[in-house]
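Only one structure is covered here, and it is reproduced in the block below.
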């Protein structure tokens, strides 16, 4: 018997075979102890840990130093509070928001009572935007009370919308909350007044009366319809106490003067609007203007008078006072603003009944070109020279050019001219670019409006701007000091950049927006 040699069968395996490279499982309780590190290595690890901690602390110190060096941190509290006040005028919720930013801002906010003096309730448009005012709800009295407490003795700016009848039940609680603080109200605007709501306004204004009243600006706006005159059967109007010694601005929109009587010796600005706003537009409400002018005549120190007649469609005689025609003399008025619609036949009798010997600023906003036709005759009755003229009309026609130029010839002291929405900008600029020929034919005469220093156009095109450049160059090159110093062009279409550069070379102050 012989033994055969064993046959060797080659076996190939991969080094990553899990069967051959399997390590002990922790579940089997087998633990391989780590070898201790040498002492020098352990010392280095300790030093690295210390360095990491120091690095983290230095990073925190660096961030803290950068925060402390920020411009907002370096501002003194007085300037910081003024910034917050400016923001709070646009949004009354700003004080609550900035007080949550950091501890320093909260201290500045709580130490500035004027930040909490702006209160708007209802659908109030503030700076052309809606949304920062508080709505009528269960939390409204608590919010108002919080602002009143934090405002301390600062002057209040109060704007309230009372147009919704469903909110009438909230007015007693609101009046009770505001009651003891109304005497320090500086600006009071009420929107959406109806006949029942007028009693609410009277109640609130009665609480403002007194020797310590701070009211300086009062604006009352009717809702949807013109409030009628007070009759013997009507509610008793506000007593004529003369207790608003600081009131300087009064605005009455769609409210008859007999419905709300206010007399103050310090009134400077009076805005009377015979129409009322409804759904963003003026409603056509016919009313006589005589009671409004009667109110203006009894204000001894009135400086600015604005009459808004938009939508008035009745005849001139009815418009003034049912057939009577009396001249109202107001020697203290220096600025007159008149707004009327597409019925300019009411403008001439209105200007005829006004005697304004010291008028210097005249603003006419019309829906047709009739305003320029009455300018020459009206300006000829003025004893004081017009220094500021603003004309805004949508449909100024060619027939109105000559009266307008005649009016400008009589304004030798005119220093500022603003023109808006006209289609005759080119003709006007052309007239201002040439001297008036002398009657004897010996050379050229004076410039039209030789004292003109400020010129502004709104809603024009690039061709007008090119003419304005030539106008500025001609007047700037003259030796009689007639250069245009300030020029404004707003909402100009098709402006050439080269024309703008040329304009900035010849005019000291140039403002071009919306191009």
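What follows draws every value from the coordinates through simple rules; no lab data is involved. Quick caveat, the model's predicted, so the values are computed rather than measured. Here the Cβ positions follow ideal geometry from the backbone for every residue, glycine too, while neighbour counts run over all protein chains shown.
Panel order for 218, 503, by other beta carbons found within 10 Å of each beta carbon, from fewest to most: 503, 218.
Take 411, 208 and order them by how many other Cβ atoms sit within 10 Å, fewest up front.
On the way: 411 23, 208 20.
So the residues, fewest neighbours to most, are 208, 411.
Panel order for 474, 164, by other beta carbons found within 10 Å of each beta carbon, from fewest to most: 164, 474. Above 17 Å lies some portion of the pair distances; for segment 55-115, what is it as a whole percent of all C-alpha pairs? In whole percent, the share of Cα-Cα pairs in segment 55-115 beyond 17 Å is 45. Here the spin labels are modelled as points 7 Å beyond Cα on the Cα-Cβ line, and at residue 326 and residue 173 they lie 4.9 nm apart.
Over segment 73-206, what is the mean sequence separation of C-alpha contacts under 8 Å (at least six apart), divided by residue count, expressed as relative contact order in percent? Intermediate values should be presented prior to the final figure.
Working: 163 pairs, mean separation 27.7, N = 134.
Across segment 73-206, relative contact order equals 21 percent.
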